[in-house]
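Engineer: Before we start, here is the structure in question, set down as structure tokens.
The values are calculated or read from the model by the stated rules, or taken from the named source; none is laboratory data. This one's a predicted model, so the numbers in the text were calculated from it and none came from an experiment. Because the Cβ atoms are built from the backbone with ideal geometry, glycine has one as well, and the counts that use them run over all protein chains shown. With ligands, DNA and RNA removed, areas are computed over all heavy atoms of the protein, side chains included. Shrake-Rupley method; radii C 1.70, N 1.55, O 1.52, S 1.80 Å.
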Amino acid sequence: MHRHKRMRLAGVVIALGLLQGCFGAPSINDTMDEYTTRLSRVLESPLAEAALPDASLPNSAPADETLEGEAHSTLQLDATLALPSQTYPSLTALGNKVTALNINIREFYAIQDCELGRIVAERNTALGKTQLPSQRLQYEHQLLNALAKCETTLKEAQNPTAATVAEWRKQKRSQYMNVWANVVQTSSEMKLGLSMASSPLQANGNKDAKASVSALNFINGLAKTAQSQGVVEYELEQQLQIIASSRLPAKLWQTQAILNNRLALLNQVLAPALNDVKCENGTNSDKATILRNVFYLYFIEEIQPIASTLNSYHYQLQPLWEQWAENTALSVPFKAHIRTHAVDNFTQYSATMKAHVTLWQNFLGRCNLSPTAP
């Protein structure tokens, strides 16, 4: 009787693994659902009722930010991680004000022989006054170049306006970091990339993920004007589109929240359930063996590869987050958003993953089993 029951359970687990291979990788929520359901069946304990799919979302999430059509859970959980879409500050809390150049009529006519005159005139048009953050950064690059060239031209002509142009250039250089920070904090592409994940991370096949790391570092490099003259207007929009397409940071932070919240609940109910499984004198039982198989097929084969990919991208981006944490042009609310997910929540997620692995290590050790393929 027990032998037939063990064979049926093992057969269901293996068959499901084969089906997943045929139809593509499931989402992390789907995998967690199956993982919890299989453990519940083997343990004959309602783990699924204690670890609902809703647990991937904090109870305070607005209705329009629910992922994959999930309803909100009524369960309460200590150390529940928020989603990145819930912590991104309002644009009014992020934008830096940049003072425009104050140029009188006499000065304006004095620079008409320079390219500077045309650039200043363009800024005063209706279109120039409604530039997007990225367009404004491109404009500031053009303006700084034009100011430097015009200053040289006026000096050579011994025109006294050269000193005024030098002051303008000093003013614009001092403001440049605020213009750059507005791109990072308020452009729609960056907001998508840093807060609005379209789906959780996968172990493989994450669109534009590798390119997104380079794109984020490209944006960071624009903080130093000397390194980006002549390239910003050609590459900036393209790099922002990559960030918006991939949404890599938001996916990392969404996925770590889902894993933490689901596994934290599961850990609470799984620990006592595994303790009730008998392994007399270190001898494994049929139930213990099947549990090991479920752990291997779902956690080791499905969940850990996603966590490994998450960790890899996290550490690739960590130097960037550390630089932004020290950048005085970036606002306190923006840096708090980054720290919440890239530091605090990652630490909590890592601890929850470690606790889950330790739970299984203790069980497998007690039953003299290794986490190998069934």
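Engineer: In the range 161-227, carbon and sulfur make up what percent of the accessible area (probe 1.4 Å)?
Structural biologist: Values: 1350 of 2820 Å².
Whole-percent figure for carbon plus sulfur exposure: 48.
Engineer: Next question, about the same structure. At a 10 angstrom cut-off on C-beta neighbours, averaged per residue, how do the peptides 343-352, 253-262, 362-371 rank from highest to lowest?
Structural biologist: Ranked from most to least packed, the peptides come out as 253-262, 343-352, 362-371.
Engineer: Then there is this: Along each of its three principal axes, how wide is the spread of alpha-carbon positions in the range 159-257, in whole angstrom units, largest first?
Structural biologist: Dimensions of the range 159-257 along the principal axes of its Cα atoms: 63, 22, 16 Å.
Engineer: Moving on to the next point. Any chance you could check the Cα centroid distance between the range 277-308 and the range 90-122 for me, in angstrom?
Structural biologist: 66
Engineer: Compare Asp276, Asp208 by solvent-accessible area with a 1.4 Å probe and give them largest first, with all protein chains kept in place.
Structural biologist: Details: Asp276 110, Asp208 60 Å².
Heavy-atom accessible area, descending, gives Asp276, Asp208.
Engineer: Rounded to the nearest 20 Debye, what is the dipole magnitude of the range 271-374 about its Cα centre when Lys and Arg each give +1 and Asp and Glu each give -1 at the C-beta?
Structural biologist: In debye, rounded to 20, the range 271-374 gives about 140.
Engineer: Give the peptides 108-115, 244-251 in descending order of average Cβ contacts within 10 Å, highest first.
Structural biologist: Numbers: 108-115: 16.5, 244-251: 23.9.
Those peptides, ordered most packed to least, come out 244-251, 108-115.
Engineer: Go through the range 197-204 residue by residue and turn each phi into a ³J(HN,Hα) via Karplus (6.51, -1.76, 1.60, θ = phi - 60°); whole Hz please, and just put x for glycine and proline.
Structural biologist: So the J values, rounded to whole Hz, are 5, 7, 6, x, 5, 10, 5, 9.
Engineer: When the accessible area of the range 260-374 is computed with all protein chains present and a 1.4 Å probe, what percentage of it is carbon and sulfur? It would help to have the intermediate numbers written out before the result.
Structural biologist: Values: 2540 of 5140 Å².
Heavy-atom surface of the range 260-374 belonging to carbon and sulfur, 1.4 Å probe: 49 percent.
Engineer: May I ask you to give the solvent-accessible area per residue for the range 149-195, in square angstrom, as obtained with a 1.4 angstrom probe?
Structural biologist: Details: 2190 Å² over 47 residues.
Solvent-accessible surface per residue comes out at 47 Å².
Engineer: How about Lys97: which lysines have a C-alpha closer than 23 Å to its C-alpha, ignoring those fewer than 8 places off in the same chain?
Structural biologist: The reachable lysines, counting only those whose Cα sits under 23 Å from Lys97, are Lys129, Lys170, Lys172, Lys191, Lys224, Lys335.
Engineer: Hey, another quick one. Size of the range 254-374 along its principal axes in angstrom, Cα-based, largest extent first?
Structural biologist: Rounded to whole Å, the extents work out to 63, 25, 19 Å.
Engineer: With a bin width of 10 angstrom, please list the P(r) values of the range 100-220 as percents of all Cα-Cα pairs, from the 0 bin to the one holding the largest distance.
Structural biologist: Answer for the range 100-220: a P(r) of 11, 35, 24, 16, 9, 4, 0 percent.
Engineer: Quick one: Karplus J couplings for the range 236-248, per residue in order, coefficients 6.51, -1.76, 1.60, θ = phi - 60°, nearest Hz, x for Gly and Pro?
Structural biologist: 4, 4, 5, 5, 5, 5, 5, 4, 5, 6, 6, 6, 4
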